[in-house]
1. Can you give me the number of residues within segment 141-170 that are surrounded by 13 or more Cβ atoms within 10 Å (Cβ to Cβ) and of a type in the set (Phe, Trp, Tyr)?
2. Output the number of residues of segment 1-38 satisfying the condition of being surrounded by 13 or more Cβ atoms within 10 Å (Cβ to Cβ) and at pLDDT below 75.
3. Go through (1) in contact with a Leu (Cβ under 8 Å, 6 or more places away or on another chain); (2) charged (D, E, K, R); (3) part of a helix (DSSP H, G or I); (4) in contact (Cβ under 8 Å) with a residue 24 or more places away in the chain and name the single condition residue 162 misses.
4. Take residue 111 and decide whether it is closer than 25 Å to residue 133 by Cβ, assigned by TED's automatic domain parsing to the domain that holds residue 142 and in contact with a Lys or Arg (Cβ under 7 Å, 6 or more places away or on another chain).
5. Please determine whether any residue of segment 78-88 is assigned by TED's automatic domain parsing to the domain that holds residue 44, in a strand (DSSP E or B) and surrounded by 15 or more Cβ atoms within 10 Å (Cβ to Cβ).
6. If you take the residues in segment 39-67 that are modelled with pLDDT of 85 or more and of a type in the set (Gly, Ala, Ser), which one is farthest from residue 98 (Cα to Cα)?
7. Does residue 32 satisfy being acidic (Asp, Glu) and closer than 25 Å to residue 130 by Cα?
Amino acid sequence: MVNTDGPSVTFETQLVTAGQKPVYHYLYIKRELVVPLGISGVIRRVTCTLNDKVSFACSLMGNAKGAYKISVNKEHRERAGIVPGDICKVTLVGDDSEYGIPVPPELTEVLDQDPVAKKLFESLTNGRRRVIVWHINKAKDTDQRIRHALIILEHVKNNGGDFDDKKLYQELKAGREVR
């Protein structure tokens, strides 16, 4: 479910940790390597593939040295078979989709059937909408994605057009019935 169309670049770089505690793991990328992707401005979304084993949507973060970095979480490191200090193959594909992740058809259908929820959803910032899309995409099957879409959109309606992350998480976890 990640973008594989569009311009791409492939290169090798080292996985490094930041700070004294090995909590954060990054791939540093020279700016000139991503020029073919047409990256500009503050939105620098890409699909990153590590060692041809794992792909994920992410954003190129700027750093003080004029380069970019990508944060790599534990799951992605394990699936790619890399640890700090390893050199890995990286393929980046530019992502010009609206949210950087695909919008599930279940969300589109629920929004089409609930004009009030659709209006509130469209009034949210792109970042808040992306969080909603991400939550629904995490659901493993169609029924669960529909239920999550209903719960989230009802939550947004009950919270004045926004959402409370902690409260929403509890509601999703409980799988409560939508009124």
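1. 1
2. Selection size over segment 1-38: 3.
3. Exception for residue 162: condition (3).
4. yes
5. Yes, segment 78-88 has at least one match.
6. Only one residue fits best here, namely 67.
7. In short, no.
Residue by residue, here is whether (1) in contact with a Phe, Trp or Tyr (Cβ under 9 Å, 6 or more places away or on another chain); (2) within 17 Å of residue 168 (Cβ to Cβ) holds:
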| position | (1), (2) |
| --- | --- |
| 108 | no, no |
| 113 | no, no |
| 119 | no, no |
| 126 | yes, no |
| 132 | yes, yes |
| 138 | no, yes |
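The values are calculated or read from the model by the stated rules, or taken from the named source; none is laboratory data. These numbers come from a predicted model, not from an experiment. Counting neighbours? That spans all protein chains shown, and the Cβs are built from the backbone with ideal geometry, glycine included.
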